[in-house]
Amino acid sequence: MKTTALSPLCALVCLLGSGISLRGADQPKDKTPWKITGQLEEACSCDAACPCWFNSKPTKMTCSGGQVLLIEKGHYGNAKLDGLAVATMGQSPEGKTMMESYGNWTFAFYYIDEKANPEQRKALQAIAGAVLTPGVSKNTETRYVPITRNIAGKEHQITIGQYGTFHGHLVEGGMGGAAKIVNPPGADPLHHQYEQGRTTVMTYNDADQNWSWSNSNYMFGTFTVDNVQYEKFAAGLAQKMARMKNERSFEKK
């Protein structure tokens, strides 16, 4: 068994009705340079593969889940982030996808590793606000907790303090190897490609929730992302928004 101790962890905007996700298009104007390389662990209540990435309805009444960024190497300005992590947990309203309900999620809580110093905590919060779930809900809180990952064979076991855990494993593709999803409609630089799996168990007991399910959606990915990528991504999506707005206006004439 391999044990990795983690420390503190997308803009998710959708042009409603277009099927095009605008993740990152509503980013703050923070110009601090940053870059992170690491691994993404993600799980939710939906059946695999996650329908929200295709702007489809959740397979349960809500989509409830979270993401963990395990930063192997990174910086935010002069703050080094090597070996740290940050997580989010959130939930869509009933009958709504994460994308179409942007700004109205039931909650979106941040979990930052307690081992990060004050400068690193601010940095991780800022990065989470750039690539995870900024502005998705009015009900937000931040916790400082230990975040750990154990890898036992094919099973990845994530623990977020006393609040939540998910264990997941990848599923095999029809032609061998892990099943991969590339460039789904909801893709941003962090999620342009990921490997698909299923949870063995997922629990969560914060934000007035009490989750407990199994055999739900699990995703694993690797990433190298920075502020320049997200700035370009946001600019490109803003152009798409303007173009589609003009097309709709022309059609109404």
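Scanning the range 116-153 for residues that are out of contact with any Asp or Glu (no Cβ under 9 Å at 6 or more places or on another chain) and under 15 Å from L69 (Cα atoms) yields A116, A123, Q125, I127, A128, L132, T133, T148, N150. The condition (being at positive phi, more than 15 Å from the chain's Cα centre (by Cα) and surrounded by fewer than 18 Cβ atoms within 10 Å (Cβ to Cβ)) is satisfied by just one residue among G173, G177: G177. Of all the numbered requirements in (1) in contact with a His (Cβ under 9 Å, 6 or more places away or on another chain); (2) surrounded by fewer than 23 Cβ atoms within 10 Å (Cβ to Cβ); (3) at pLDDT below 90, T3 misses one, and that requirement is (1). The one condition from (1) assigned to a loop (DSSP other than H, G, I, E, B); (2) closer than 17 Å to H191 by Cα that D47 does not meet is (2).
Restricting attention to the range 126-156 and to residues that are of a type in the set (S, T, N, Q) and surrounded by fewer than 19 Cβ atoms within 10 Å (Cβ to Cβ), the residue that is farthest from the chain's Cα centre (by Cα) turns out to be N150.
Of the residues G24, G65, G77, the single one that is modelled with pLDDT of 85 or more, buried (at least 22 other Cβ atoms within 10 Å of the Cβ) and farther than 19 Å from I151 by Cα is G65.
Among the residues here, A235 qualifies as surrounded by fewer than 15 Cβ atoms within 10 Å (Cβ to Cβ) and closer than 28 Å to A79 by Cα.
With respect to the conditions (1) farther than 23 Å from V182 by Cα; (2) modelled with pLDDT under 95; (3) assigned to a loop (DSSP other than H, G, I, E, B), G90 lacks only one, and its number is (3). Comparison of T222, T200 shows that the only residue that is part of a strand (DSSP E or B) and more than 15 Å from the chain's Cα centre (by Cα) is T200.
The values are calculated or read from the model by the stated rules, or taken from the named source; none is laboratory data. Being a predicted model, the structure only gives us computed values, none of them experimental. A quick note on method: Cβ atoms are made from the backbone with ideal geometry, for glycine too, and the neighbour counts reach across all protein chains shown.
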